[in-house]
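Report on the following structure.
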Amino acid sequence: MKVLLNNKSTLLDDGLTIKRLLDQIDIKHKYFAVEVNEQIVPKSNHDSFHIKEGDKIEIVTAIGGG
């Protein structure tokens, strides 16, 4: 299926969950947020949230500093 991932057209496997997507793209940061179609998806839903054709996914990681 085709989605927009961080503003880049991307092909993903059908039925992929957010958790599996994060594993595939190797997101290991402790502090990050996932937004699908302009709605934040809580971490508690990452295992059960299935990505659909045409979804717009934004993954933002926090960077420390000061």
List the trypsin sites (Lys or Arg not before Pro) within segment 14-49 that fall in a DSSP loop (any state other than H, G, I, E or B) and whose Cβ has at most 13 other Cβ atoms within 10 Å. Lys28, Lys30
Sequence of Asp47, Asp26 once ranked by neighbouring C-beta atoms within 10 Å, starting from the fewest: Asp26, Asp47
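Strictly greater than 18 Å: what percent of every Cα pair in the chain meets that? Could the numbers behind the result be given before it?
Numbers: 645 of 2145 pairs.
Cα-Cα pairs of the chain separated by over 18 Å account for 30 percent.
How much length would be gained if the chain were fully extended between Asn6 and Glu58, taking 0.36 nm per residue of separation minus their Cα-Cα distance, in nm to one decimal? Don't jump to the answer; show the numbers that get you there.
On the way: separation 52, 0.36 × 52 = 18.72 nm, distance 0.48 nm.
Stretched out fully, the Asn6 to Glu58 stretch lengthens by 18.2 nm.
What does the charge add up to near Asp13, with Lys and Arg as +1, Asp and Glu as -1, over the other residues with Cβ less than 14 Å from its Cβ? Intermediate results must be reported in sequence, preceding the final value.
Working: positive: Lys2, Lys19, Arg20, Lys52; negative: Asp14, Asp23, Glu53, Asp55.
Summing Lys and Arg as +1 and Asp and Glu as -1 gives 0.
Using alpha-carbon pairs under 8 Å, 6+ residues apart, how would you state the relative contact order of the chain in percent?
Values: 94 pairs, mean separation 30.4, N = 66.
RCO, the chain: 46 percent.
Tally Lys/Arg at +1 and Asp/Glu at -1 over every other residue whose Cβ is under 11 Å from the Cβ of Phe49; what's the total?
Details: positive: Lys19, Arg20, Lys43, Lys52; negative: Asp47, Asp55.
Once positives and negatives cancel, what remains is +2.
How far, in nm, would the chain grow between His29 and Asp13 when pulled straight, counting 0.36 nm per residue and subtracting the alpha carbon separation? Display every interim value, and only then the final one.
Values: separation 16, 0.36 × 16 = 5.76 nm, distance 2.31 nm.
The span from His29 to Asp13 would gain 3.4 nm if fully extended.
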Can you pull out the GluC sites (Glu not before Pro) in the chain that DSSP calls coil and that have at most 15 other Cβ atoms within 10 Å? Glu38, Glu53
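A short reminder: the numbers here are calculations on the coordinates, not readings from a lab. Being a predicted model, the structure only gives us computed values, none of them experimental. With ideal geometry, Cβ positions are generated from the backbone for all residues, glycine too; neighbour counts draw on all protein chains shown.
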